[in-house]
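The values are calculated or read from the model by the stated rules, or taken from the named source; none is laboratory data. These numbers were taken from a predicted model, which means no experiment stands behind them. So basically every Cβ, Gly included, is an ideal-geometry build from the backbone, and we count neighbours across all protein chains shown. Surface areas here come from the heavy atoms of the whole protein model, side chains and all, with no ligands, DNA or RNA. Shrake-Rupley method; radii C 1.70, N 1.55, O 1.52, S 1.80 Å.
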Amino acid sequence: MRSWHGKLFFFAGVVCVLMLTSWHTSKSDNLPSQLHLVYESLLRAEQRGEVLTQELLKVLGQLQNRSIAPSNLTIVNSSALLEEKVLRRVLPLQPNAHIYLPHLKEHVDSLKPIVHLGQRRTGVSLVLGVPTVHRQKQSYLVNTLQSLLYDLSTAERKDIVIVVFVAETNATFVNAVVQSVQTNLPDAVSSGVIEVISPSPHYYPDLSNLKETFGDPKERVRWRTKQNLDYSFLMLYAQSKGTYYVQLEDDIVAKQGFFESMKKYIEQVLSEEWLFLEFSQLGFIGKLFRTSDLPMIVEFFLMFHKDKPIDWLLDHILWVKVCNPEKDLKHCNSEKARLKRAYKPSLFQHIGLHSSLPGKIQNLKDKDFGNQVLFKGHYNPPAELRSSLEKYQSHTLERAYNGEDFFWGLTPKGGDYILISFTTPQAVKGYFFRSGNIETNGDRFYNTTVEVLPNNNSVKEMVIRGELACCKPLSDGFVQIGSFKNGVAEGEVDGALGEIAAMRLLVHSDSGVWVLLSEILIKV
């Protein structure tokens with residue numbers, strides 16, 4: 001570790017000596033003899049260079065592991081980070097894309113993404129890649145992103161970046177996706193959690209004359225070939241943004257607490273040998289890689305992008321690395337299992353019914369995913385409950401308040417409300433209301449306020465006179481103390497309000513979706 005700087009200078013010195021030797025040869029009378037000596041020197045230098053390259057690759061791997069703090073997966077050693085940046089400049093981490101996609105030579109920026117949204121965040125632990133394409137029937141993208149963001153803590157949101165890759169060159173469609181993400185997830189975009197990129201219009205080659213293989217029709221061969229190119233582009237962009245890369249799709253849901261579960265599992269296997277970790281059993285969903293391995297993986301994908309689907313190619317990488325042709329299939333599978341580790345239960349589930357391949361119905365489900373937790377129950381003070389919202393089936397407000405289920409109401413209109421009247425006035429300290437759940441995250445409260453009714457008339461008068469800065473007085477005696485933001489309303493209740501007789505959620509405008517309350521907590 002301490003001598004790698006010296007080896008670099010030594011290698012540079014060898015190059016200088018050879019240049020001087022070559023210059024001296026041109027001045028010598030015995031030219032053939034001198035050229036032979038130069039040739040031998042070059043061979044020796046090449047051999048030394050190969051040894052040095054292998055040593056530097058090992059050092060890079062060590063730096064990659066040492067730069068991860070076991071407690072939080074973030075880089076803490078600035079010296080190691082600086083050395084890794086130097087090594088990234090020395091070693092050829094970019095795959096030779098121009099060899100496998102020669103048309104890229106005609107446009108120098110064809111591998112450079114167009115960044116539409118985001119803060120270009122780097123240095124995170126997890127980079128989540130979400131490619132999306134035009135679907136004829138239904139788009140699941142926003143629901144997928146909402147699912148991934150659903151219960152991330154503040155610290156987790158700072159240590160993750162979700163890269164949405166719009167794998168299309170049609171400007172109208174790309175702009176529509178950008179607008180949808182910006183409109184539905186503005187906070188995640190402005191904070192840098194979500195980025196939206198698209199490829200150069202010159203990235204994709206001509207896909208009209210592909211060889212049909214494995215009995216697949218031409219349209220399916222084209223679809224899977226483009227998918228290989230999509231994933232490769234996204235991986236290339238992601239490799240410099242964080243420590244680990246997770247490949248996802250645009251029609252999945254995540255299990256609550258997926259970030260923490262992945263973090264703990266990585267810590268368990270950090271010092272072991274593996275190429276990728278599986279957090280879903282389906283296809284290419286939920287595969288986690290070290291970003292330092294992505295250049296090799298992408299080069300393999302690009303080399304055979306016309307030949308096989310991407311999950312088959314990933315399996316072939318394992319075969320090339322560890323399978324011995326002189327041994328049987330059982331031995332091969334055992335060796336491959338060392339390089340891929342499966343985490344159970346699965347953390348990501350496929351939900352899309354309509355595939356991005358036109359006409360294909362995708363019924364894939366991960367049997368190891370299990371059931372989602374769709375609500376979180378709490379003990380709340382006794383109360384009488386009323387609402388102008390019509391419930392859906394058995395998902396009543398009473399069951400949600402008692403921690404037995406979630407409340408699901410039909411489309412709210414302006415003026416609709418949920419009223420919680422305490423059996424006896426309560427000294428409420430705080431509140432937490434979560435709308436939507438991880439499977440139906442779009443059914444949220446929008447433009448909805450949280451209000452309380454003080455039990456003491458003198459307190460109401462103080463609020464009206466503006467003597468309590470915490471609150472906004474309303475005409476019916478209620479006091480506005482908060483509102484929903486990104487589907488959640490939480491806060492403390494000022495003790496100056498005294499005992500509270502009731503709490504109310506009041507909708508101020510018509511909504512285009514149903515509403516679901518998955519968590520109700522009244523802190524007393």
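Quick grid of which residues meet (1) at pLDDT below 95; (2) over 23 Å from Gln146 (Cβ atoms):
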| site | (1), (2) |
| --- | --- |
| Arg157 | yes, no |
| Glu168 | yes, no |
| Phe173 | yes, no |
| Glu195 | no, no |
| Tyr203 | yes, yes |
| Thr225 | yes, yes |
| Ser240 | yes, yes |
| Ala254 | yes, no |
Self-check item: Boolean, Glu267 is outside any loop (DSSP other than H, G, I, E, B), open to solvent by 30 Å² or more (accessible area, probe 1.4 Å), closer than 13 Å to Leu148 by Cα and not aromatic (Phe, Trp, Tyr)
Solution: no
Quiz item: What is the number of the single condition among (1) open to solvent by less than 80 Å² (accessible area, probe 1.4 Å); (2) assigned to a loop (DSSP other than H, G, I, E, B) that Leu104 does not meet?
Solution: (2)
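Could you pull out the residue among Leu302, Leu288 that is under 20 Å from Ile162 (Cβ atoms), among the hydrophobic types (A, V, I, L, M, F, W, C) and touching a Phe, Trp or Tyr at 6+ places or on another chain (Cβ under 9 Å)? Reasoning before the result, please.
On the way: Leu302 fails: under 20 Å from Ile162 (Cβ atoms).
Only one candidate passes the filter, namely Leu288.
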Practice problem: Please indicate, with yes or no, whether at least one residue in the stretch 245-252 is buried (at least 22 other Cβ atoms within 10 Å of the Cβ), in contact (Cβ under 8 Å) with a residue 40 or more places away in the chain and hydroxyl-bearing (Ser, Thr, Tyr). | Solution: yes
Practice problem: Scan the stretch 468-524 residue by residue and report those that are on the phi > 0 side of the Ramachandran plot and under 28 Å from the mean Cα position of the chain (by Cα). | Solution: Asn486, Gly487
Self-check item: Cross-chain or 6+ apart pairs with Cβ under 7 Å, the stretch 268-280 first and closer than 14 Å to Tyr244 by Cβ, then assigned to a loop (DSSP other than H, G, I, E, B) and not polar (S, T, N, Q)
Solution: Leu270/Ile68; Leu270/Pro70; Leu277/Tyr343; Glu278/Gly286; Glu278/Tyr343; Phe279/Gly286; Phe279/Tyr343; Phe279/Leu347
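Within the stretch 442-471, how many residues are more than 20 Å from Leu410 (Cα to Cα) and either open to solvent by 30 Å² or more (accessible area, probe 1.4 Å) or modelled with pLDDT under 90 (or both)? Before the answer, list the steps.
Residues of the stretch 442-471 more than 20 Å from Leu410 (Cα to Cα): 451-471.
After this cut, where a residue has to be either open to solvent by 30 Å² or more (accessible area, probe 1.4 Å) or modelled with pLDDT under 90 (or both) as well, the list is 453, 455-471.
Residues in the stretch 442-471 being more than 20 Å from Leu410 (Cα to Cα) and either open to solvent by 30 Å² or more (accessible area, probe 1.4 Å) or modelled with pLDDT under 90 (or both): 18 in total.
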Self-check item: Single condition Gly414 does not satisfy, out of (1) open to solvent by less than 40 Å² (accessible area, probe 1.4 Å); (2) modelled with pLDDT of 90 or more; (3) small (Gly, Ala, Ser)
Solution: (1)
Quiz item: Does any residue of the stretch 287-295 turn out to be open to solvent by 10 Å² or more (accessible area, probe 1.4 Å), free of Cβ contacts under 8 Å to residues at least 60 places away in the same chain and over 18 Å from Ala337 (Cβ atoms)?
Solution: no
Self-check item: For Arg224: the one exception among (1) of a type outside the set (Ser, Thr, Tyr); (2) in a helix (DSSP H, G or I); (3) open to solvent by 10 Å² or more (accessible area, probe 1.4 Å)
Solution: (3)
Practice problem: Give me a count of the residues in the stretch 472-524 that are open to solvent by less than 30 Å² (accessible area, probe 1.4 Å) and among the aromatic types (Phe, Trp, Tyr). | Solution: 2
